[in-house]
């Protein structure tokens, strides 16, 4: 993805969620955790955001944009994107990059909605394989997005944006851009039109 396209995509994402992000910050204050004395500093924690991976290049590029957005939000200075399969960078590649950038601990954040085999088996297994090159670096596979309360806000934001798009008030979001997918459909009306044409 060229820089101009990436900037445009990030801009679209920000426009589609900025109002919801403001509301969320007012409603929910994230908890603060004591990571303990043995945990490396935030500068030494490498965060890998991993999705399934796709044969569709545009989908893989969206994860890279998300990783950039996350890097601007989290306190960790080392953030890398990775795909579980089908595309690079792999978990191995991202793990290597984090260590090369100075990470003393790796946290893998599955960009998955709900728990399943990928979170329970595949991602931990691939991360363990990646760590064999760096036995001195411990790793943690964090929870998927799951039932986090902010997800309800995300769903609401998406639905509101799609309704506004149908009403002609906003542009397509980054997911639908150029597809024309965000449009009302009425199968019953289509069937009625077909019946009229057949009768004629």
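The values are calculated or read from the model by the stated rules, or taken from the named source; none is laboratory data. Treat the numbers as computed from the prediction; the structure is a model and nothing was measured. Glycine gets a Cβ as well: all are built from the backbone with ideal geometry, and neighbour counts include every protein chain shown.
Listing for the model above:
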{"read-out": "Any hit, segment 138-158, residues being under 16 Å from residue 44 (Cβ atoms), in a loop (DSSP other than H, G, I, E, B) and touching a strand residue (DSSP E or B) at 6+ places or on another chain (Cβ under 7 Å)", "value": "yes"}
{"read-out": "Lone qualifier among 153, 174, 132 - being under 21 Å from residue 81 (Cα atoms) and either in contact with a helix residue (DSSP H, G or I) (Cβ under 8 Å, 6 or more places away or on another chain) or touching a residue at least 24 places away in the same chain (Cβ under 8 Å) (or both)", "value": "174"}
{"read-out": "Residues of segment 165-176 that turn out to be surrounded by 15 or more Cβ atoms within 10 Å (Cβ to Cβ) and in a helix (DSSP H, G or I), as a count", "value": "1"}
{"read-out": "Residues of segment 86-115 satisfying the condition of being under 19 Å from the mean Cα position of the chain (by Cα) and free of Cβ contacts under 8 Å to residues at least 24 places away in the same chain", "value": "88, 89, 93"}
{"read-out": "Number of positions in segment 42-85 that are outside any helix (DSSP H, G or I), touching a residue at least 60 places away in the same chain (Cβ under 8 Å) and within 12 Å of the chain's Cα centre (by Cα)", "value": "5"}
{"read-out": "Boolean, residue 1 is surrounded by 12 or more Cβ atoms within 10 Å (Cβ to Cβ) and either touching a helix residue (DSSP H, G or I) at 6+ places or on another chain (Cβ under 7 Å) or modelled with pLDDT under 95 (or both)", "value": "yes"}
